[in-house]
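Here the structure comes first, spelled out in structure tokens, and everything after it is commentary.
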Amino acid sequence: MNNVVELKNLHVMYRARSSRQPAKLAVKDLTLRVGAGEVFGFLGPNGAGKTTTMNVLLGFVNATGGEARLFDVNVRDPIARQRIGYLPELTYYYKFLTPEELLRFYARIFGIPSAEAERRIGPLLKLVELEHAAKRPIKTFSKGMQQRVGLAQALINNPDLLILDEPTSGLDPLGRMKVREIIQRLKSEGKTVFFSSHELGEVETVCDRVAIIADGELKVEGRVDELIAKYQCSLEKIFLNLIGYETQPTV
């Protein structure tokens, strides 16, 4: 299997903001590989280093040690990021725009010719089940609908790799189900999906493999079914044990 994402001994150190604060090691010696066509769950508590790692892959943050490669190209090379779609945890769009207008705007950013953009917009809105709302202002949308608009913009450049930061955060059960279905459809099309999530039940359902990190360090990596068989418990219980959380006995 060809590697789409490859991290080798990745370190990220944030400088101290003042003499009173020490430098912070956000990611320590992280080695990961994600193969083409995989849905890969990147898990950890808040502050574990997940978003920092994603920001390295996206070119927003420079690594202070180790390697990070996409499609066997160093992430600092702009060509490495041309095949990526990205959905941040907190999205902000011009809410006076409609989904069609938003996708045209992002298509121009990617340099996609107008005729080609128009060919892509309809199928994308159908994929995220928003074709009925294509001409409605985004400000009238629910959070779940706005998240699906975000998924559509992440796909406008027809990426081979999708990086999704908490794609179901704050969504109700129906919204989470729809996003999960979209991820499954993307997998069936051969896309590679790398996403972080706190919804461990959903991760267990949709992911081929997962990695759990805490304090910037990798704790475990593997296929979901194999980890469950090895530890003889749910993914949620594995997660809690590995990050050192002890459940309190019920009275």
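What to note about this one:
- Available extension along the chain between S114 and D225 is 35.5 nm, counting 0.36 nm per residue and deducting the alpha carbon span.
- Backbone HN-Hα couplings from phi across the range 137-144 [Karplus 6.51/-1.76/1.60, Hz, Gly and Pro as x]: x, 4, 4, 8, 8, 6, 4, x
- Solvent exposure of the range 93-251, expressed per residue, is 50 Å² of accessible area, with all protein chains present and a 1.4 angstrom probe.
- Spherically averaged projected area of the convex hull of Cα atoms, the range 1-74: 5.3 nm².
- Evaluating 6.51 cos²θ - 1.76 cosθ + 1.60 at θ = phi - 60° for every residue in the range 177-186, the Karplus couplings come out as 4, 5, 5, 4, 5, 5, 4, 5, 5, 5 Hz, glycine and proline recorded as x.
- Under 5 Å from the amide H of V220 lie the amide H atoms of I212, each residue being 5 or more positions distant or on a separate chain, with H modelled from the backbone and absent for Pro and chain starts.
- Phi-derived couplings, Karplus 6.51 cos²θ - 1.76 cosθ + 1.60 at θ = phi - 60°, listed residue by residue for the range 192-202: 9, 10, 10, 9, 9, 6, 9, 8, 5, x, 5 Hz, with x used for Gly and Pro.
- Ligands, DNA and RNA left out, the accessible area of the range 1-137 computed with a 1.4 Å probe is 51% carbon and sulfur.
- A straight Cα-to-Cα reach below 27 Å connects K8 with the lysines K24, K28, K50, K187, K191, K219, K230, residues fewer than 8 places away in its own chain not being considered.
- In the complete set of protein chains, residue-level accessible area for L240 is approximately 40 Å², probe 1.4 angstrom.
- Part-to-part distance (alpha-carbon centres) for the range 55-103 and the range 205-228, which is given in Å: 23 Å
- Report note on the peptides 197-209, 213-225: ranked by the mean count of other C-beta atoms within 10 Å, highest first, their order is 197-209, 213-225.
- Share, in percent, of DSSP beta bridges within the chain that are antiparallel, nearest 5: 55 percent
- Taking every alpha-carbon pair under 8 Å whose residues sit at least 6 apart, the range 1-61 reaches a relative contact order of 32 percent.
- Average projected area [Cα convex hull, the chain], square nanometres: 16.4 nm²
- The angle between the Cα long axis of helix 114-127 and the longest principal axis of the Cα atoms of the chain comes to about 60 degrees, rounded to the nearest 10.
- Cα-centre dipole for the range 72-146 with unit charges at Cβ (Lys and Arg positive, Asp and Glu negative), debye to 20: 200 debye
- Overall, the accessible surface of the range 157-219 at a probe of 1.4 angstrom is composed of carbon and sulfur to the extent of 42 percent.
- Here the chain is treated with +1 on each Lys and Arg Cβ and -1 on each Asp and Glu Cβ, and its dipole about the Cα centre works out to around 740 debye.
- Choice from F110, F71, F42 with maximal GNM fluctuation in the chain (Cα, 10 Å cutoff): F110
- Once the Cβ-Cβ distance of H132 and T205 is raised to the sixth power relative to R0 = 30 Å, the FRET efficiency obtained is 0.65.
- More than 19 Å apart - percent of Cα-Cα pairs taken over the range 1-147: 64 percent
- Rounded to whole Å, sorted largest first: equivalent-ellipsoid semi-axes of the range 105-251, Cα gyration tensor: 35, 17, 13
- Taking the average, over residues, of other Cβ atoms within 10 Å as the packing measure, peptides 151-157, 185-191 rank 151-157, 185-191 from highest down.
- Amide proton proximity set for G66, modelled H, under 5 Å, gap of 5+: H11
- Calculated FRET efficiency for the pair Q184/C233, C-beta based, R₀ 35 Å, to 0.05: 0.90
- A Förster distance of 25 Å, applied to the separation of the beta-carbon atoms of R15 and E217, puts the FRET efficiency at 0.80.
- Of I109, T192, L174, farthest towards positive along the dipole that unit charges on Lys, Arg, Asp, Glu beta carbons give the range 103-251: I109
The values are calculated or read from the model by the stated rules, or taken from the named source; none is laboratory data. On a predicted model such as this, the values are computed, not experimentally measured, just so you know. We place every Cβ from the backbone using ideal geometry, glycine too, and count neighbours over all the protein chains shown. Keep in mind that these areas ignore ligands, DNA and RNA; they rest on the heavy atoms of the full protein, side chains included. Shrake-Rupley method; radii C 1.70, N 1.55, O 1.52, S 1.80 Å.
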